[in-house]
Amino acid sequence: MVALVMWAQPSHALDASERLSVVLSKPDSARDADAGAVVVTITNKSSEPLFLPKFRTPLNKVDGHIHGHFMDVKNDEGKQAEFIGIFVDILPVGMSFYTRIEPGQSLSGTIKLSRDYDLSEGGNFKVSYEQPFEDNVQFDEYGEVHGHSDTVTSNVLDIWVSASLAAAAKKLAFAPTALPDIPELSCKPEQMAALFTARMSIASWVSKAEGYAKNLYDVEKIQIEDNDGRIDTRYRPRMKPDFKYQYWFGALDNDQQTYDLRPSYSSVWDKDDFYPFKQLNAISKRAANPDFHYSCGCPVESDPLSGAMARTNDPYLVLICDFYFEIDKGQQVQTLVHELSHFHDEDADSAYDYAYGRQAAHALATSDRKKALRNADTIGFFVQDVVENTQ
Ligand SMILES: [Zn+2]
């Protein structure tokens, strides 16, 4: 009986690892291995085509970099190596968002980890990552591509990296982009006009989103009588339940911690419920920073759906790709907010790309709230949602 039921199952009921395998191995050349090179081999073991989102697939590179931070690279103490690469943002509005892998097909490529992670201390590292893949990809009601998603984890590869080779690679990664003295000059006049308008909008959009969130911030005054009959006043911060906020950032923790003094939202924003305050504050400061600048044009090997790119080590430069100018104005502002969330400074850690698109970002709020709170598209959509859908 049990066997019969199993036969009747469609192939997507198989375990992820029975459908897709991801193997990390060392390159043939010892020198490449010592410089932090790793071979990635992805095999479709299922009987249907599968779709690998390029932004989390190490086979896809731009300028020798993978598309963002998704590799686990840990030293002997288990500490994750710092990401020093580029966030390459592809909009999920066409099938080239994915690399298609046919049944039985294997795709292989080599990545140079020392260009994306700071391995300059050298020594032993353990490398692994989670590869998402999808099937049944369709256009959803937002015009975004979206499929049934699953994830498979690679093997853990032990590598040894030479400190001097990794330091040389890091230097390359940190080399300034070859830009004209005034990067904006790479933009055509009509592109400059569109960017100017979008840039002007960021400040008002983000401040509107901050105002919206502040209206949800509430501090409960709690009076507790102690054993001696004395009344002790305590304060408990919380977010009022709100559809928009929870749609993007997930269900509230409603942490019960209380404080002696009434806490401002900025004194508690490292806690999950209040973390969007920290992000919004950082984004609005970065948008106003005179170092925030942009350059038009992205490397030739970039996907045609690339909207923009941000380099972690080049604050606050945003590379604007050609496709950016084909999206509507709201999306353009959302994209710039997204890019500004990628920088890492004293105001906030960088946000990462865990999910692109409205459906996927919203799904993350339920499946993995910690990631939703640190997902670049999520903060951008929250801002856009508040501005476009609030009276
Ligand atoms: Zn991004």
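Of P58, P49, P53, P27, all but one fail to be more than 29 Å from P304 (Cα to Cα) and at pLDDT 95 or above; the exception is P27.
Quick one: in the stretch 121-168, which of the residues that are under 24 Å from the mean Cα position of the chain (by Cα) and among the hydroxyl-bearing types (S, T, Y) is farthest from D15 (Cα to Cα)? So, considering only residues that are under 24 Å from the mean Cα position of the chain (by Cα) and among the hydroxyl-bearing types (S, T, Y), the one farthest from D15 (Cα to Cα) is Y142.
The residue pairs whose first member lies in the stretch 74-95 and is over 25 Å from P315 (Cα atoms) and of a type in the set (D, E, K, R), whose second member is more than 10 Å from the ligand (Cβ to nearest atom) and assigned to a loop (DSSP other than H, G, I, E, B), and whose beta carbons are closer than 8 Å, counting only pairs six or more residues apart or on different chains, are K74/A81.
If the condition is being without any contact (Cβ under 8 Å) to a residue 12 or more places away in the chain, part of a loop (DSSP other than H, G, I, E, B) and touching a strand residue (DSSP E or B) at 6+ places or on another chain (Cβ under 9 Å), then the stretch 263-278 contributes only S264. When each of N281, N254 is tested for being in a helix (DSSP H, G or I) and not hydrophobic (A, V, I, L, M, F, W, C), the lone residue that passes is N281. Within the stretch 141-178, the set of residues being aromatic (F, W, Y) and within 30 Å of Y316 (Cβ to Cβ) comprises Y142, F174.
Residues are listed down the side, and each one gets a yes or a no for (1) more than 13 Å from the ligand (Cβ to nearest atom); (2) touching a residue at least 12 places away in the same chain (Cβ under 8 Å); (3) part of a helix (DSSP H, G or I):
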residue: P299; (1), (2), (3): yes, yes, no
residue: A308; (1), (2), (3): no, yes, no
residue: P315; (1), (2), (3): yes, yes, no
residue: Q332; (1), (2), (3): yes, yes, yes
residue: A372; (1), (2), (3): yes, yes, yes
residue: V386; (1), (2), (3): yes, yes, yes
residue: Q391; (1), (2), (3): yes, no, no
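Applying the selection to the stretch 284-297, what residues are outside any loop (DSSP other than H, G, I, E, B) and farther than 19 Å from F382 by Cα? A288, H293, Y294, S295, C296, listed by residue number.
Residues that are more than 16 Å from the ligand (Cβ to nearest atom) and in contact with a Pro (Cβ under 7 Å, 6 or more places away or on another chain) within the stretch 73-100 comprise S96, Y98, R100, listed in sequence order. State whether the residues of the stretch 209-216 include one that is within 30 Å of S367 (Cα to Cα), polar (S, T, N, Q), part of a helix (DSSP H, G or I) and at pLDDT 90 or above. Yes, that holds for at least one residue.
Might you let me know whether the stretch 64-72 holds any residue that is at pLDDT 95 or above, within 16 Å of the chain's Cα centre (by Cα) and away from the ligand (no atom under 16 Å from the Cβ)? Yes, because at least one residue in the stretch 64-72 is at pLDDT 95 or above, within 16 Å of the chain's Cα centre (by Cα) and away from the ligand (no atom under 16 Å from the Cβ). Working only within the stretch 101-140, note down all residues that are among the aliphatic types (A, V, I, L, M) and closer than 20 Å to V40 by Cβ. The answer is I101, L107, I111, L113, L119, V127.
Looking at the stretch 334-370, which of the residues that are more than 15 Å from the ligand (Cβ to nearest atom) and more than 18 Å from Q246 (Cα to Cα) is surrounded by the fewest Cβ atoms within 10 Å (Cβ to Cβ)? Filtering the stretch 334-370 for residues that are more than 15 Å from the ligand (Cβ to nearest atom) and more than 18 Å from Q246 (Cα to Cα), the one surrounded by the fewest Cβ atoms within 10 Å (Cβ to Cβ) comes out as E346. Of A310, A282, A288, all but one fail to be surrounded by fewer than 20 Cβ atoms within 10 Å (Cβ to Cβ), of a type in the set (A, V, I, L, M, F, W, C) and in contact with a helix residue (DSSP H, G or I) (Cβ under 8 Å, 6 or more places away or on another chain); the exception is A288.
The values are calculated or read from the model by the stated rules, or taken from the named source; none is laboratory data. Predicted model, so just to flag it, every value in this text is computed and none were measured. Note that each Cβ is placed from the backbone with ideal geometry, even for glycine, and that neighbours are counted across all protein chains shown.
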